[in-house]
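Here is the structure we will look at.
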Amino acid sequence: GQVVGTLPYLSPERATGFTTLDVRSDVYAMGVLLFEVLTETYPYDVVGNKEVARENIIRAKPLSLREGLALGNSLSSLNPGELDNDLQAIVSMAIAKDKHDRYQSAAALADDLDRYLTGGVVQARIDQRWYLAKRMMRKYRIQAAATAVVFALLIWSNLRTRTHQLAAQQERDSARKFASLAQSTLGHLVTKVDEEIGSLAGGKVVRQSLLNDVADRLHEMNGLVGANASLASLSISLHEKQGDVARSDGRAKEAEAYYLQAAGELDDADDESVQAIRARLYRKAGNASADGRAHFQLALENARASGIHEELARVLVDAARDDYLRGEHAQAGRYLDEALNLLNERIDDERLLARALEWDGGIRIKLGDLSRSRDSLLRSLEIRERLLTDRPFDVRLKRRHMIASTELGTVLAKEGNYEDAIAHASSAVSTGKYLHSIDASNPDYRQGLISSSTRLASVYRKSGDVVSALDAANASVAWARSFLEDKKKNTQVLRQLGFAMEERSRINHASSHLVQSLEDAQSALAVRKSLSETQPENFDFKAELAKSRESVGSCLQRVGRHVEAYEYLLAALHAHQGLLNIQPNVPDRVKRLAAAGLNLSAWHIRRKTQLNDDIARELLKTAENLLLSRWHRLSTTEIVFFAHSEKTALSLINASTKLLLIIEQINKRFAV
């Protein structure tokens, strides 16, 4: 309860003496110091009676900078006009009474001061829509003015055309020109708003508000254009922009419909430029669709026919992402091979190259090629670090850098390089916390924060540091549960909760906390059942559900509930077999089926009967043949045998020895 510190710089929570403190108290002190530097006084009366001063800090409204300057040293070289609203907003946010309303880190305050000094959009005013609009209008004043004038002329021309049916052809031509110019200018502004505002900290909400305003104008323009055949190209462009705005707002089905409507309005000519436009529209429709396979096939056909390499590369990267998310890893890998050949040899687009390399890194983990995965992710990180040097406040770049760091940490851990793995995974978590602190409602930031923390927990567990692993897993679970209180767009957060619960189960299992391990495994299973029911065609969801059944079965065995364990282990084996039948060329399916067979064989061995021994031997033989026929690499395999007779022991040792020799041979082959 004691108050400790230099009185003028104490935050309200520090002044009470009873509140848990964190860096936001230091941010407050920095804000007071900035106020003092600018005005040569303090934001409160803190001179004289200490109790009165403390009450002022806790409850009084702080002075504005201009009020402080009026009370400060008359020798100050500043005048009230130099203390503009941006600077006032920064100081006010730094010394906010409630610590949740302040900058959430010193870095966030430093970033806003940098933005102020360079004329950027100040984070402290990011929620003031008209402020951002003015900034954008100031930066793009020519385009904005042209839009306003042209839009007014468009309406005027349209009214005149309707009122005077016998108006000259020249007027109709002018109306078309005005409409086309208005559309292109509005389209340019849509792109600039998305690029300039969307990449800023906290800019997602404001960007969306501005884009929704533009969407209203686009809708009005569509009404003016109508069914006029001479304005067909304008209608196509308007529908595409409406799709862009709808997709940005999360209205995926509406966006898909706009894109397909635009594609349907294109003529059937084999003109290369038309084919490139059609490829772009189908690509966007594929990205907006719950199942984009048919759209991406049409996009690929048109992109190849157009001969435009950049559009083809974009289609290939997006199609690979779509296949990866549906569990079609082998096909995704083939698409990325082609895309990377184009990007490395014919196209100069670093952002697209970094994105392709990031997806390639994730897909190669699934395909068992850790070396290529590591190299791709390292190249992706290098490119993004170089881009961040020029755009240090670009949150989109920061988010993609976080994702690549997370994936790289996983790869390095699989290779046994735990020191570097922990460094990259920890860096990803730090970035995730920063992004979440500046926009807590952003679903992408939420998902990224949970995922990066869960991966860090996994790396710690594999390195043997179960204490740190449990801390990271607990944080992941807590974040996921808190985010699920918001009922919007929960699928990915729910999936991340499943991963977090599964990882915490493994950590507790390793620490012999068996009851907690079983509870977490059952919770993960419940989450994955729910996801699999909502998206029955998602192969990865099916695989994750099967893995959860294995985890529950393993936990049940450890607590002595063997009969229940068998049902889970058998169900997992059948599920993995079904997935392999559907996706015979995905190595991860082979690995998981072999592992499920080994787990079930271990269950039979523990029964210590001749019948169970025979079944276990057949399961081992099946796993051996599967691995031998597929030449698949297993990074680690642990087989624990419990035999009750010399005969059983010898037969099992023989089978397991052959299996391990095969694995050793495969590892050597892949190492070469």
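Summary table below
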| read-out | value |
| --- | --- |
| Cα gyration tensor shape of region 432-502, rounded if a/c is under 1.5, else prolate or oblate by comparing a/b with b/c | prolate |
| Over 22 Å (Cα to Cα) - which of K398/K462; K462/K621; K414/K547; K366/K462; K547/K591; K284/K529 fall in this group | K398/K462; K462/K621; K284/K529 |
| For region 298-450, size of Cβ-based charge dipole, Lys and Arg +1, Asp and Glu -1, in debye | 420 |
| Solvent accessible area, Å² - R391, 1.4 Å probe, full protein context | 90 |
| Rounded, prolate or oblate (a/c below 1.5 giving rounded, otherwise prolate when a/b exceeds b/c) for region 342-494 by Cα gyration tensor | oblate |
| J(HN,Hα) series, region 296-313, from Karplus relation 6.51 cos²θ - 1.76 cosθ + 1.60, nearest Hz, glycine and proline x | 5, 4, 5, 5, 5, 4, 6, 5, 5, 5, 6, x, 8, 5, 5, 5, 4, 4 |
| In region 4-36, the chymotrypsin sites (Phe, Trp or Tyr not before Pro) that fall in loop regions by DSSP, at most 13 other Cβ within 10 Å | F18 |
| Tensor-based shape of region 457-583 (alpha-carbon gyration tensor, a/c under 1.5 rounded, otherwise prolate or oblate) | oblate |
| Per-selection metrics, region 266-376 (Cα): Rg and Dmax in Å | 13.9, 47 |
| From the C-alpha gyration tensor of region 397-451, square roots of 5λ in Å | 22, 9, 8 |
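The values are calculated or read from the model by the stated rules, or taken from the named source; none is laboratory data. Source: prediction; values computed, not measured. All Cβ positions, even for glycine, are placed from backbone atoms using ideal geometry, and neighbour counts span all protein chains on display. What goes into the accessible areas is simple: the full protein's heavy atoms, side chains included, and nothing from ligands, DNA or RNA. Shrake-Rupley method; radii C 1.70, N 1.55, O 1.52, S 1.80 Å.
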